[in-house]
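Okay, so here's the structure we're looking at.
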Amino acid sequence: MKILVSGVAGFIASKVMNLLLDRGDIVVGIDNINDYYDQRLKYGRLNELGFEKDNNEFVFGEVLMSKKYPKAKFIKMDLTDKDSLDKLFKEENFEKVINLAAQAGVRYSITNPYAYLESNLAGFMNILECCRNYNIKHLVYASSSSVYGLNAKVPYSEDDKVDNPVSLYAATKKSNELMAHAYSKLYGIKMTGLRYFTVYGPWGRPDMSPMLFAKAIMKDEPIKVFNNGDMIRDFTYIDDIANGTICALDNEPIADRCENNVPYKIYNIGCSNPVKLMDFISEIESACGKEAKKNFLPMQPGDVYQTNADTTKLEQDCGYKPKITLHEGIARFMQWYKSDKNPLK
């Protein structure tokens, strides 16, 4: 199968591409390698996939073959570049697409709103148009648990209303779901949206709590504990998330089994085992072998008190089943964090 994966210099997409290649798929990865966070991590993930350049001087539009996987290529590309994206779809004849490229970060959306309109709305529109024009069989795209916003009912179900976002990032992700549904209805394109819950593990983002906590603890610096530690998150290990994404890719929505005969599905993808923030910190402290200095702070704008995924639908429809416990996942994460593979060590 020939698959396009966007955002492959990112945390989730790089692992997804790795697993697809390991099972024998032909995969083309694209990413604009922006500087939202330390690019050394992005280059490191690409290097792990066999994409290497002297001094990491990746050039827009250049096709780079993997030195590790004969069925893999990478192109530095921005989703907002409509003409280049259209040319890519025309030349490659993809069967399926996994769109994980987006401007990430809840708090960043408070101070940099226009970055989200360009990448998450205009860029996603370009993906939808290419799927329509080039007969893509199935599009899997990233939504987010943040769409649940002020929803007080837990665990979160796909049937819950998601009309109360508390950040622009969440609003763009909800918009993606609506845009995808419209294209699925209008053109019969099979669409699956995945509401990702808090993901952690090796090669994770440096702006997320696991990396921030590990870095501070190892340097004997205080960690920021928001809402005075009274928060709950559905932490999910990266391998479980990536495997779940591929499960969704392999199980296409069937119109006559979907609401209003539209071949469109939305799934929660998490661990369904929410953890108190202070317990999560304790696991990292244990793996680091030292106690954290804690700076207790109020809730930040755009944050929510808890996330908790009901993953029953993804389990029933696609066979999804997370396997990695928090204790094991943190141990693996810290082993990587302390290793020479971590470019930020």
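The values are calculated or read from the model by the stated rules, or taken from the named source; none is laboratory data. Because the structure is a prediction, the values reported are computed rather than measured. Here Cβ is always computed from backbone atoms with ideal geometry, including for glycine, and neighbour counts include all displayed protein chains. For accessibility, only protein heavy atoms count, side chains too; no ligands or nucleic acids. Shrake-Rupley method; radii C 1.70, N 1.55, O 1.52, S 1.80 Å.
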Selected residue [among the small types (Gly, Ala, Ser) and within 25 Å of Asn120 (Cβ to Cβ)] from Gly24, Gly50, Gly44: Gly44
Residue match in region 210-226 (condition: within 21 Å of the chain's Cα centre (by Cα) and within 28 Å of Ile3 (Cβ to Cβ)): no
Complete set of residues in region 198-210 that are open to solvent by 20 Å² or more (accessible area, probe 1.4 Å) and hydroxyl-bearing (Ser, Thr, Tyr): Thr198, Ser209
Residue in region 64-76 that is under 18 Å from Ile33 (Cα atoms) and surrounded by fewer than 16 Cβ atoms within 10 Å (Cβ to Cβ) present: yes
In region 53-97, the residues that are touching a strand residue (DSSP E or B) at 6+ places or on another chain (Cβ under 9 Å) and closer than 23 Å to Lys190 by Cα: Leu79, Leu85, Leu88, Phe89, Glu92, Asn93, Phe94, Glu95, Lys96, Val97
Region 16-30 - residue that is outside any helix (DSSP H, G or I) and of a type outside the set (D, E, K, R) and, of those, farthest from Glu62 (Cα to Cα): Gly24
Complete set of residues in region 103-114 that are over 18 Å from Tyr148 (Cα atoms), surrounded by 14 or more Cβ atoms within 10 Å (Cβ to Cβ) and either modelled with pLDDT of 85 or more or within 15 Å of the chain's Cα centre (by Cα) (or both): Gln103, Pro113
Candidates Tyr108, Tyr148, Tyr69, Tyr156 - the one that is without any contact (Cβ under 8 Å) to a residue 60 or more places away in the chain and aromatic (Phe, Trp, Tyr): Tyr69
Residue selected from region 306-318 under the condition modelled with pLDDT of 95 or more and not acidic (Asp, Glu), by the criterion nearest to Tyr200 (Cα to Cα): Thr311
Count - residues of region 1-41 that are of a type in the set (Val, Ile, Thr), within 18 Å of Lys71 (Cβ to Cβ) and open to solvent by 10 Å² or more (accessible area, probe 1.4 Å): 1
Val63, sole failed condition from (1) among the aliphatic types (A, V, I, L, M); (2) under 29 Å from Ser167 (Cα atoms); (3) free of Cβ contacts under 8 Å to residues at least 24 places away in the same chain: (2)
Checking Thr311 against (1) surrounded by 15 or more Cβ atoms within 10 Å (Cβ to Cβ); (2) under 24 Å from Tyr108 (Cα atoms), the condition it does not meet: (2)
Tally, over region 42-57, of residues that are assigned to a helix (DSSP H, G or I) and surrounded by 21 or more Cβ atoms within 10 Å (Cβ to Cβ): 3
Hits in region 287-304 (condition: in contact (Cβ under 8 Å) with a residue 12 or more places away in the chain and out of contact with any helix residue (DSSP H, G or I) (no Cβ under 7 Å at 6 or more places or on another chain)): Lys293, Lys294, Asn295, Val304
Residue list for region 129-145, filter: closer than 30 Å to Val304 by Cβ and without any contact (Cβ under 8 Å) to a residue 60 or more places away in the chain: Leu139, Tyr141, Ser144
Conditions (1) over 20 Å from Gly270 (Cβ atoms); (2) among the acidic types (Asp, Glu); (3) open to solvent by less than 30 Å² (accessible area, probe 1.4 Å): number failed by Glu177: (1)
Test: residue in region 211-233 that is touching a residue at least 40 places away in the same chain (Cβ under 8 Å), in a strand (DSSP E or B), open to solvent by 10 Å² or more (accessible area, probe 1.4 Å) and of a type in the set (D, E, K, R): yes
Count of residues meeting criterion [open to solvent by less than 40 Å² (accessible area, probe 1.4 Å) and outside any loop (DSSP other than H, G, I, E, B)] in region 265-303: 12
Inter-residue pairs, beta-carbon under 6 Å, first under 13 Å from Ser119 (Cβ atoms) and in region 82-105, second outside any strand (DSSP E or B) and among the aromatic types (Phe, Trp, Tyr), 6+ apart: Gln103/Tyr116
Residues within region 172-185 that are in contact (Cβ under 8 Å) with a residue 24 or more places away in the chain and out of contact with any helix residue (DSSP H, G or I) (no Cβ under 8 Å at 6 or more places or on another chain), tallied: 2
